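**Student:** Mind having a look at this structure? Questions to follow.
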Amino acid sequence: MTRRRSRRIGAAQVLGSGRQELHPVLARIAEEKFGWDPAPLRELIEWAEIIDGALFPNPQMAVALDDEAMQLMLLIEATRDPALLPRLIRELSSRPLSDVLRERG
């Protein structure tokens, strides 16, 4: 078994249930080990979990793109601008998602 494979198995065992809740786990580790404050990014962390895990409460939510986080996902997937992601990361670390998207619209 490779080292990478054993780490994945270890993470799955820590998380239990087989559902991969990695975003909240990484945020908690960064907070506990390095003193990072996840509060300003809590909404993005929760949305990352929903989108990456396809954990939508219903199929309509996955395709309607009504939520701001879904619009952000579409923007990220559609961009060909290599500077967009670093710019979004900087902006989203200090401003609410709705403000950032309003400027892009």
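Any read-out appearing in this document is the output of simple, stated calculations on the displayed coordinates, not a laboratory observation. Since we're looking at a predicted model, the values are computed, not measured. Note: ideal-geometry Cβ built from the backbone for every residue, glycine included; neighbour counts use all protein chains shown.
**Student:** Could you give each residue of region 45-53 its phi-based ³J(HN,Hα) in whole Hz, using Karplus coefficients 6.51, -1.76, 1.60 with θ = phi - 60°, and x for Gly or Pro?
**Tutor:** For region 45-53, the Karplus-derived couplings read 5, 5, 5, 4, 5, 5, 5, 5, x Hz, x marking Gly and Pro.
**Student:** On to the next question. For labels at Lys33 and Asp81 in the simple 7 Å Cα→Cβ model, what's the distance in nm?
**Tutor:** For Lys33 paired with Asp81, the spin-label model returns 3.4 nm.
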